[in-house]
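Contents: one structure, followed by commentary.
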There are 2 protein chains.
Amino acid sequence: MSNDEPKLARGRPRTMNAEKVLDVAMTAYWQSDPADVSVNAICQMAGISKPSLYREFGSEDGLSRAALDRYAERVLSAVFAILHSGKGLHDTLAALTDFAAADPRMETGCLFYKMRAGKHRLGPTTRARVEEIDATAQAAYAAFLQSRCDAGDWPDGLSAEAGAKYLGEQIALAITQRASGEDPERIREMLNLALSVFIRP
Amino acid sequence: MSNDEPKLARGRPRTMNAEKVLDVAMTAYWQSDPADVSVNAICQMAGISKPSLYREFGSEDGLSRAALDRYAERVLSAVFAILHSGKGLHDTLAALTDFAAADPRMETGCLFYKMRAGKHRLGPTTRARVEEIDATAQAAYAAFLQSRCDAGDWPDGLSAEAGAKYLGEQIALAITQRASGEDPERIREMLNLALSVFIRP
DNA sequence: GACATAAAATACCGGCCGGTAACAAATGAG
DNA sequence: CTCATTTGTTACCGGCCGGTATTTTATGTC
C-alpha cells in the first residue's frame, strides 16, 4: 500500500482527478471503440489538457492499458464471479447467457472484446494485457468446464480446452452482436442454441 | 453490355489499368483491413498517382465500394454457389465448413466480414453495399434452410430466419478466427460443434 | 519578500490522412 | 500547324493525429 497522505505537497496542487479521467477514457473507449477515440477527444471530455494526461499515463498506450485494467476489475470481474460461483452447468450457462444477452452493461458491447478485435491497433502494453486477460478467461472457462466434467454432467468426447474456447467465443459473439444493435431476444435465442451442445439430455 | 470499342479516343490515351488497380485495392483491403489501408498506400502499390485514382473512382468510398463489388463476384459467389447447389443439409453444411475452416481463400479472413465488423468506418455507398450483401446472404441461408425444412430433415421448432442468422454468424465467426491466426483444425472443431445443432440424429 | 517545485495550459512539432488545384504530356480534329 | 480534349503527375490544402517544448500559475520553504 502506498501513502495517501498529502505527502509534503510542494508545487502547484493538482486539480486533475486521475480516477475521473480514467472513467471518462474507459467509458469512451467502451461506448464507441478504442480505435475511434483520440487522446485529444478524451482530454476534451475530461476537461484537462494533453500534457496533464501524458504526465499521468505516459502515452496513449498507457492510458488505454489503464482503462482496460479498470474495465477488468469493474466489469469483467462479474464474468469471473459467475464462473467461480460453484453453481451447476445449467445454472452457470444461464447466468452467462443472461449477462451476455440481457445485462445492460453489455448494451454497447464489451471493451475487452472490442480491444481484442482490433488488437493490432493497440500499443504493446495494452495488447499484452488483452492477451493476458484472454488467457485468464480461457483458463477460467476451462476450469469451470473441467469441474463440471468431473461432476459427471458432461456431454461427449469434447476436451475442456476446446469446450472452453467454444464457450468463450460464443459469449464474445453474443456480446459483439449486442454492440451492433441486434435484437437482444434474437441474440439470446442464438446463444441458447449455441450452448445447447453442452446440455444434451 | 456496354461498348468496349476504342470509342472515339480523343485526348491522351490512358495508361492506368482500372482492373489492376481494383485488384490491388481488393487484395490490400482483404489481406489486412479496410480501415488500415489508405488511398495513398493503394496508389503506391498500384503505381499510379492519386488524382488518377480519384478520376476513376471518385472517392475512397467509391474505391472501397468497387473493391467490395469485385470481392462479391470473385469470392462470395462461391458461398452462394454452395447454398444453391441443391445438395442435402449435411453435405451443404460440410461444404460451408470446409470453405470457412479450410479454404485457402479464407486464410486471411473475409473482406466482407471485415467491412461489416467496421461498418461505421465505411463511406455511405460501401456501407449500403455491405448491408445489401448481408441481407442477400441471410436470405440465401434462410432459403436453403427452408428448403431443407420442407424436405423434412429439420431438427426442432426453430424458424428458418433464426437458423439462417445463426448459421451465418457461425460461419462469420469461423472465418474471422481464421483471420486472427487460429488453428484451422480447432476452428473446424468448433464450427462442427456449433452446426451440430442442425443435425440432431 | 525571494526561491524552488510541481502542475497547469498554450502553442507548437512532424506525419499522415482524404482530396484537389495547377500544370505537363499525349493524342485526334480542323 | 493550332487547338481542344483527355490523361497523367507534382505539389499542395486543411485537418486531425500522437506527442512535447515552453511558459504560466499556484503552492510550500526560507
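The values are calculated or read from the model by the stated rules, or taken from the named source; none is laboratory data. In this text the structure is predicted, and so the values were computed from the model without any measurement. Note: ideal-geometry Cβ built from the backbone for every residue, glycine included; neighbour counts use all protein chains shown. Surface areas here come from the heavy atoms of the whole protein model, side chains and all, with no ligands, DNA or RNA. Shrake-Rupley method; radii C 1.70, N 1.55, O 1.52, S 1.80 Å.
Can you find, within segment B:29-53, the residue that is nearest to DNA strand D (Cβ to nearest atom) among those that are away from chain A (no Cβ under 14 Å), open to solvent by 50 Å² or more (accessible area, probe 1.4 Å) and part of a helix (DSSP H, G or I)?
Only one residue fits best here, namely B:PRO51.
Condition test on B:ILE199, is it within 24 Å of A:SER196 (Cα to Cα) and either at pLDDT below 95 or surrounded by fewer than 16 Cβ atoms within 10 Å (Cβ to Cβ) (or both)?
yes
Select, from A:LEU93, A:LEU191, the only residue that is at pLDDT 95 or above and over 30 Å from B:HIS120 (Cβ atoms).
A:LEU93
Pairs only if they're at least six apart or on different chains, beta carbon under 6 angstrom, first in segment A:180-194 and more than 9 Å from chain B (Cβ to nearest Cβ) and within 18 Å of A:GLY168 (Cβ to Cβ), second open to solvent by less than 60 Å² (accessible area, probe 1.4 Å) and part of a helix (DSSP H, G or I); list them, first residue then second.
A:ILE187/A:ALA101; A:ILE187/A:ALA174; A:ILE187/A:GLN177; A:ARG188/A:ALA101; A:LEU191/A:THR97; A:LEU191/A:ALA101; A:LEU191/A:ALA174
Within segment A:94-145, track down each residue that is farther than 18 Å from A:ARG188 by Cα and of a type in the set (D, E, K, R).
If the condition is that a residue be farther than 18 Å from A:ARG188 by Cα and of a type in the set (D, E, K, R), then A:LYS114, A:ARG116, A:LYS119, A:ARG121, A:ARG127, A:ARG129, A:GLU131, A:GLU132, A:ASP134 are the ones that fit.
Residue check: is A:SER64 hydroxyl-bearing (Ser, Thr, Tyr), buried (at least 18 other Cβ atoms within 10 Å of the Cβ) and within 16 Å of DNA strand D (Cβ to nearest atom)?
For A:SER64, the condition - hydroxyl-bearing (Ser, Thr, Tyr), buried (at least 18 other Cβ atoms within 10 Å of the Cβ) and within 16 Å of DNA strand D (Cβ to nearest atom) - is met.
Which of the residues belonging to segment B:58-88 are part of a helix (DSSP H, G or I) and not hydrophobic (A, V, I, L, M, F, W, C)?
B:GLU60, B:ASP61, B:GLY62, B:SER64, B:ARG65, B:ASP69, B:ARG70, B:TYR71, B:GLU73, B:ARG74, B:SER77
Give B:SER85, B:SER77 a once-over and let me know the one that is free of Cβ contacts under 8 Å to residues at least 60 places away in the same chain and out of contact with any helix residue (DSSP H, G or I) (no Cβ under 9 Å at 6 or more places or on another chain).
B:SER77
Kindly list the number of the only condition in (1) out of contact with any Pro (no Cβ under 6 Å at 6 or more places or on another chain); (2) farther than 30 Å from B:PHE57 by Cα that fails for B:ALA101.
(1)
Check A:ALA35 against each of (1) more than 20 Å from A:PRO124 (Cα to Cα); (2) within 14 Å of DNA strand C (Cβ to nearest atom); (3) touching a helix residue (DSSP H, G or I) at 6+ places or on another chain (Cβ under 9 Å) and name the one condition it does not meet.
(1)
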